[in-house]
Amino acid sequence: MGWRREAAPLLVLLATMAALPFLVGESDVYLANDFLITALFAMSFNLLLGQAGMLSFGHAAFYGLGAYTVALLYSKLGVPIVPGILAAPLVAGVMALAIGFFVVRLEGMYFAMLSLSFAQLIFSVVSSWYSFTGGDNGLPVSPPDWLLPTNAYYYFTLAVVSVCIGLLFLVRRSTFGAALAAIRENPQRAAYLGLNVRVYQLAAFVLAGALAGVAGSLRSPLQQMAFPSLLYWTQSADPVLMTLAGGVGAFIGPIVGAALFVLLTFVVTSHTDYPLFAFGAVVLVLVLFLPKGIVGTVEGWWDRRRAKPAPATPPQAAHAAAQQEGSRP
Amino acid sequence: MTDVLIQILSGVSRGMVLFIVASGLTLIFGVLRVANFAHGSFYMVAAFVTYTVTRMAGGGMPGFLASLVIAPLCVAALGAAIEMLLLRRIQHRDHFYQLILTFAITLIVADGVKMIWGRDYRSVPRPQLLEGSISIFGSPFPSYYVLLIVIGLVIALALRLMLERTRFGKTLRAAVADGEMVGALGVNVPLLYTGVFTLGAWLAGLGGALAAPVGSIAIGIDNSIIIESFAVVIIGGVGSVSGALVGALVIGVLQAIGIMVAPRLAIAFIFIALCAVLLLRPQGLLGRRA
Amino acid sequence: MTSFGTLTRRGVTALLAAALGAGAFTGAQAQQPPIKIGLTTDLTGIAAAYARGQVNGVELAIAEINAAGGIMGRKLELLVRDSQLRPELGTSHTRDLITREKVDFLIGPDASSVGVAVSAVAKQYKKVVVMTIPNTPRLVGELYHPHFFTIVPSGTMLARAMAEGLDKKYKSIAFIGGDYEASHQAVKYFGDWLAKVNPEAKITNTQWPKLGEPDFTPYITQLLSSKPDLIFSYLWGSDLIAFIKQAKSYGLFERTKFATLLFLDDLRALGSEMPDGILGQMYAPPFGTKGGKMDTFIQAFNAKYNAYPSDWAVMAYDGMMLLAQGIKAANSVDQEAVRTALEGIKYEGLQGGVTTFREVDHQGNVPSFLGVTGKDDKLPFKTLVDIKRIEADKVWPTPQEILAERK
C-alpha cells in the first residue's frame, strides 16, 4: 500500500501547475517558477534527512554550484543554457562525491557541522575568486530567446523538475530507498544485516547533491545571473526549514514547505519592513505546534477522521514518530 | 620579530573575545545537546544594549563598567526566558527541532533589534583610560587588548573553578559526559538546563559588551560571530571549556599569522583547520568521545 | 524608529495630497491614475541604513512633486520592496513590480549585486531605471542597456578621483579593502590612474579583510609594518568604523596619512570619535554644496525625518526629481519617450551645476568630493573641511574605454 496515496497528490499538483499559466498572470507564473525550483531543492535535501536521516547543513553548496556551472559555461565558454543544465548535476555530483567521502564518516551534529564547514569553504572560494566567478556581484546569464518568455521558461522548469521529482519518487520506493530507511532507523542493525552503511550514505549524498545542482542550474537562468549568496550558509537553512514546515516524513512535505516559504518570503518582503520577524515567528509556531509539519498533521487528522480501527500505521506517521524520539546526539 | 609577536598578541586578544562567546556555546551544546544558533543574537543584543547604556551614562569609565554589568545580565535574562518558555517545551524531541527553534530566534531577534535600535550602525567610545597603548619592545600594543586578554583569562579560570569546585559545576560536567545518567541520579534537570543556558547567554553577552567598544555595532554582527564560534566549539570539543580556550586561541592566532603569510587564504585556514579536526579527531582536541 | 510600511507610506501620500491639494486640484485630476514608481532596495541586511536614507529621499521628492500638482495632472505613487541584499529577491520583486503592480518606472536599488539584478530585469522589460546607489563599473560596461541611467559616480570614477586628488608627495601607498569585487576594482583603477598622475608612487602593501570582519588588528599591524606614506582604504560602513576605532589605539593616524571612502552614515556613527585630518572621499555629502537648493533640501528633510540627510538621500532625491523632469519633458509615460527625454535632459539638482547623461553609457556627469575630516560647529558630528569637488569629466572612462570593456 501507500504508493497511490503518495503519487496521487503529485499528479494533482502536476496537473495544476501545468494549467497555471492559463489561470493566472505573468507575475504569478514567475512566482510559481520560483516555487518549482525551490521545491526541487528542498526535495533533494529531504532525500538526505527524510530518507537517510542525515541532517546536512551545507546543501546550498550544491545548489550554488549548479547555478555557477550554467553561468560559467555560458560566460566563459559560450555553452548555451540547456547543455549547461545537463552538466550541472555532474559538477555538483562530483563535488558531492568529494565532500561526501569525508562527511559520511561523521554522525548527527558533527555531520551537520562538517557539511556546513565544507559549504562555507566553497562559498568563500566562489565569493572571493572574483576574476573567475565575478565575485559578490555575480555572473550574468542570458537565456536564449525561446526561453525568455516567462511561460516558456516555466514549462521548461516544470518538465525538468517533474522528471527529477519522479526520479526521487522511484528512489524512495526502490530497494536503495529501503536500505536508506533501514540505515536511518538503526545504522548498527543495518550494518549487521550486511549493508555497507557509508557507501549507501555516500550514494544518497551524491544523488541529493546532483539534484540540488539541477535546481540551482534552473535558478540562474531564471534570475539571469548566478551569485554567491546562493551558497551562503543561511541558504542551507532554507531547505531544512521548508522540510520541517511541510513534514519530514511525507514525500510531498518539502513541496508544501517550499510553497509556503516562497509565498511567505514574497508576501512579507512586499508588505512589511520586518520580513525576518514574520518569517521567524512562522517557523517558531511550526516547530512548537506542528512538529509533523503541515502534511504530517493533515495526514494524521485525516487518518483519525476515517474512524476505521486504524489499519497498519502508515509509513509517514511511523517515521514522524521515530523522528520525535530523542535520537542519538 | 617584534612584528610577529605583536601579530600573535593581537591574535590572542581576538581569540579571547571568541573564547568568552564560544565557552557559553560549548556548555549549552554539551549539556542541552543544542547547537544554539541564537548565540550570535545574544552577542549582538548585548552590543546594542552596551550602546544604550553607554549613551545614558554619558560615556567614560562609569558607562563602560555599567554596560559590562548590565548588558550581559539583560542577555542572560533573555536566554533564561527562551529556555524556559520555548526550548523546554520541545526538549524531548529530536535535536533537529531545537536547532530550528534557535534559528527562528535568530531571525526574530535580528528584526527585533532593527525595531528597537533602527537600521543605523553605531559606535561606542572606549573610556579615556583604555584609549592608548602600552609599549612591547618598542611597538605599541593597545591597552584595551591587554584588558581583553586579562578578562579572558579570568573568565577561563573562573569557569574552571566553577566546574571543579561547585555542585552546579560538577553536575554540569556529569551532564556533558552522560546526559541520561544525570537525570537518573535525581538531579533537577530543568533547573540545570535553565542554569546552563542562562550562563551561556551571559557569556555571549559579556563577549558582545567587551567587543562593542572596539568594533562597530550593526545588524549582521550576529551572523559573523556564530560561525566562528561553532568552529571553536568543534575544534575544542563539545562541552569542554578548556577546549574552547584552545580552539579560540588556535583560530585567533591562525588568522593573525595567516594574514602575514598568505593574506587571501586567511579565511580558508579556519575551515581547513576545522575540517582537519573533524576528520582526524571528531570529538575535538580536548573533547571526550561520546 | 518609526515604521514606514507601504501602508503608512500610502497613508502619508494620501494625507499630504488631501492637506495640500484641497481646492488646488480639480475633480478630474484627482481621478487620474497615479504614475507608479518602483523601488526595490535592501531594507534588511548590512546596507539597510543606506536603503532607509534612499527611501526617505525618494519619498521627499515625490511628496514635493505631488504637492505641486503632480505630473500631467497625475500623482506619483511609490512602491517599495525589500530585496534583503539578496539578488534573487531583487529580480523577483522588480519583475513583480513591473508585471503585477504595473509600475511605470524604476528607481535604483541599494547594493551593487542587487543593482545588477534589477538592471537585467529593466533590460528585459525595457523599463527606464535610474540608479542612485549601485556603482559597479559593470553596470555602465558589459551590462549597459539603453533604459539604464545612473547618477552615481561609478567605482572607476571614484578610484581615479582619489588618485587625482592626492598630494604628489605620497610615494609609498598601502591599501586595505574588503575582499569583494568593488574594492579589487578600486585598487586596480586607483593604481592605473596613479601611474598617470604620480608615476613615482607605488602601492606597496595590500590587505583584504573579509566583509564584516570584527577584528582588524592583524591587518593594522601589517599595514603599519610596511611604513607607508599613506594608507588608501576602501572599507566602508561598519567595517570602516571598526577599523578606525582599532587603528586609533595603534596610533595609526599619527603615524601615517589615511585616505578613505567615507559615507555620511560613518561620520554620524563615529561622532566625536572620528579622528581629525583623515582624507575622506564622499559621493554626495549635503555639506559639500553650499547654499541654494541644497539648504532647502536639508531643511525639508530634517523637518520630515528629524535627521540630517545622507549621501544616499541626496542622490535618491536628485534621481527622483530628474526622472520626474524627464517624464514632464516627454509629456508621457511611454518608455521610449522618457528614455529620449532623459538622454537630452539638463537637470539642475541639489549639488549645483547641470546634470546630463552622456550617450555611450548613460553615466550622469556627477561630481565626487574629497576633503579632510574636521569639526563643524553646526553639525553634531565631524564633517569634511577643505572640500575639493572633482568633476566627472576629469575622471570618467573615455567612451573608447567603455566600449573596450564591452568588447
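The values are calculated or read from the model by the stated rules, or taken from the named source; none is laboratory data. Computed from a predicted structure; not experimentally measured. Neighbour counts are summed over all protein chains in view; Cβ atoms, including those assigned to glycine, are modelled from backbone coordinates with ideal geometry. The protein model used for the area step is the full one, side chains on, heavy atoms only, and it has no ligands, DNA or RNA in it. Shrake-Rupley method; radii C 1.70, N 1.55, O 1.52, S 1.80 Å.
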Original post:
Just which residues of the stretch B:62-90 lose 40 Å² or more accessible area with every protein chain there, against their chain alone, with the probe set to 1.4 Å?
Top reply: B:89
**OP:** Quote the charge dipole size of the protein assembly as shown about the Cα centre in Debye, to the nearest 20; the model charges only the Cβ of Lys and Arg (+1) and of Asp and Glu (-1).
**Re:** 1780 debye
Subject >> aspartates and glutamates whose Cα lies under 16 Å from that of residue A:76, excluding same-chain neighbours fewer than 8 positions away >> reply: C:142, C:405
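How large a share of the accessible area of chain B, in percent, is made up of carbon and sulfur atoms when the probe is 1.4 Å and the other protein chains stay in place?
Working: 7160 of 10380 Å².
Carbon and sulfur atoms account for 69 percent of the accessible area of chain B.
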Subject >> Accessible area expressed per residue, the protein assembly as shown, with surrounding protein chains retained (probe 1.4 Å, Å²) >> reply: 36 Å²
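Leaving out ligands, DNA and RNA, what percent of the accessible area of chain C is carbon and sulfur, probe 1.4 Å? Walk me through the intermediate numbers first.
On the way: 7420 of 13500 Å².
The computed percentage sits at 55.
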Subject >> Residues of type aspartates and glutamates that residue A:292 reaches as a straight line, Cα spacing below 20 Å, ignoring anything fewer than 8 places off in the same chain >> reply: A:6, A:185, A:238, A:303, A:325, B:94
Original post:
Cα-based Rg (one decimal) and Dmax (whole number) for chain C, in Å?
Top reply: 21.2, 72
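Return the value, in Å² to the nearest 100, of accessible area buried between chains A and B (probe 1.4 Å, both sides summed). Intermediate results must be reported in sequence, preceding the final value.
Numbers: alone 16180 and 14090 Å², together 26120 Å².
The summed interface area works out to 4100 Å².
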**OP:** Treating the angle as unsigned and between 0 and 90°, give the value, to the nearest 10°, between the Cα long axis of helix C:6-21 and the longest Cα principal axis of chain C.
**Re:** 60 degrees
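If you count, for each residue, the other Cβ atoms within 10 Å and average over each peptide, how do A:189-199, A:135-145 line up from highest to lowest? Could the numbers behind the result be given before it?
Numbers: A:189-199: 12.9, A:135-145: 21.3.
Most protected by this proxy first, the peptides run A:135-145, A:189-199.
Given that compact globular proteins tend to follow 2.2 N^0.38 Å, what is the ratio of the alpha-carbon Rg of the stretch B:2-280 to that value? It would help to have the intermediate numbers written out before the result.
Numbers: Rg = 18.6 Å, N = 279, 2.2 N^0.38 = 18.7 Å.
Taking the Cα Rg and dividing by 2.2 N^0.38 Å, one obtains 1.00.
Percent antiparallel among DSSP beta bridges with both residues in the protein assembly as shown, to the nearest 5? Provide the component values of the computation, followed by the final result.
Numbers: 20 of 53 bridges.
Expressed as a percentage, antiparallel bridges in the protein assembly as shown total about 40.
For peptide B:8-14, what's the mean number of Cβ atoms from other chains within 10 Å of each residue's Cβ?
Working: counts 1, 2, 9, 4, 0, 2, 5.
The shielding value for this peptide is 3.
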**OP:** For the stretch A:52-106 and the stretch A:149-202, compute the distance between their C-alpha centroids and round to whole Å.
**Re:** 17 Å
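Report, as an integer, the average count of C-beta atoms from other chains found within 10 Å of each Cβ along C:262-273.
Values: counts 0, 0, 0, 3, 3, 0, 4, 7, 5, 3, 2, 6.
The per-residue average across the peptide is 3.
Which value, to two decimals, describes the C-alpha radius of gyration of the stretch B:1-130 once divided by 2.2 N^0.38 Å?
On the way: Rg = 17.3 Å, N = 130, 2.2 N^0.38 = 14.0 Å.
For the stretch B:1-130, the normalised Cα radius of gyration is 1.24.
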Subject >> Segments A:244-253, A:208-217 sorted - mean Cβ within 10 Å per residue, highest first >> reply: A:208-217, A:244-253
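Just counting partner chain Cβ atoms within 10 Å, what average do the residues of peptide C:108-116 show around their Cβ? Please report the intermediate quantities before stating the final value.
Working: counts 0, 0, 0, 2, 3, 9, 3, 1, 9.
So the per-residue partner count for this stretch is 3.
Give the carbon-plus-sulfur fraction of the accessible surface of chain A in %, rounded to a whole number; probe 1.4 Å, heavy atoms of protein chains only.
Values: 8930 of 12660 Å².
C and S atoms contribute 71 percent here.
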**OP:** Provide a list, ordered by number, of residues in the stretch A:16-33 showing at least 40 Å² less accessible area with every protein chain present than when their chain is taken on its own, using a 1.4 Å probe.
**Re:** A:26, A:27, A:30
**OP:** Using a Gaussian network model of chain B whose springs link C-alpha atoms within less than 10 Å, name the residue from B:46, B:211, B:262 with the highest mean-square fluctuation.
**Re:** B:262
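So for each of C:202-209, C:299-306 I average, over its residues, the number of other beta carbons within 10 Å; can you give me the resulting order with the highest mean first? Each step should come with its number before you reach the end.
Numbers: C:202-209: 19.1, C:299-306: 13.6.
The densest-packed peptide leads the list: C:202-209, C:299-306.
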Subject >> Surface accessible to a 1.4 Å probe, residue A:79 within the full protein complex, Å² >> reply: 40 Å²
Subject >> Cα-only radius of gyration and Dmax that characterise chain A, units Å >> reply: 19.5, 65
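Taking 22 Å as the cut-off for C-alpha to C-alpha distance, list the pairs among C:257/C:375; C:75/C:304; C:196/C:245; C:290/C:375; C:188/C:210; C:248/C:378 that go past it.
Table pairs above 22 Å Cα-Cα are C:196/C:245; C:248/C:378.
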Original post:
Using a probe radius of 1.4 Å on protein heavy atoms only, what is the accessible area buried between chains C and A, both sides summed, to the nearest 100 Å²?
Top reply: 2900 Å²
**OP:** Take the Cβ-Cβ distance between residue A:303 and residue B:185 as r, set R0 to 45 Å, and report the resulting FRET efficiency rounded to the nearest 0.05.
**Re:** 0.65
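Filter chain B for me: DSSP H helices, axial length by Cα at least 20 angstrom, mean Kyte-Doolittle hydropathy not below 1.6. List them by residue number. Don't skip to the answer; put the middle values down first.
Numbers: long enough: B:2-32 (44 Å, 1.75); B:39-57 (27 Å, 0.73); B:60-85 (37 Å, 1.83); B:95-117 (33 Å, 1.34); B:143-165 (32 Å, 1.82); B:189-211 (33 Å, 1.48); B:221-236 (23 Å, 1.72); B:241-261 (29 Å, 2.25); B:266-280 (22 Å, 3.21).
In chain B, the long hydrophobic H runs are B:2-32, B:60-85, B:143-165, B:221-236, B:241-261, B:266-280.
Using only the C-alpha atoms of the stretch C:53-182, find the volume of their convex hull and express it per residue in Å³. Mind dumping the intermediate values first?
Details: hull volume 18.9 nm³, N = 130.
Cα convex hull per residue, to the nearest whole number: 145 Å³.
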Original post:
Around residue C:348, with a cut-off of 13 angstrom between Cβ atoms, what is the net charge of the other residues, counting Lys and Arg +1 and Asp and Glu -1?
Top reply: +1
Original post:
Binned at 20 Å from 0, what are the whole-percent values of the Cα-Cα distance distribution for the protein assembly as shown, short to long?
Top reply: 13, 44, 35, 8, 0
Subject >> Interface burial for C against B (accessible surface, 1.4 Å probe, total of both chains, Å², rounded to 100) >> reply: 3200 Å²
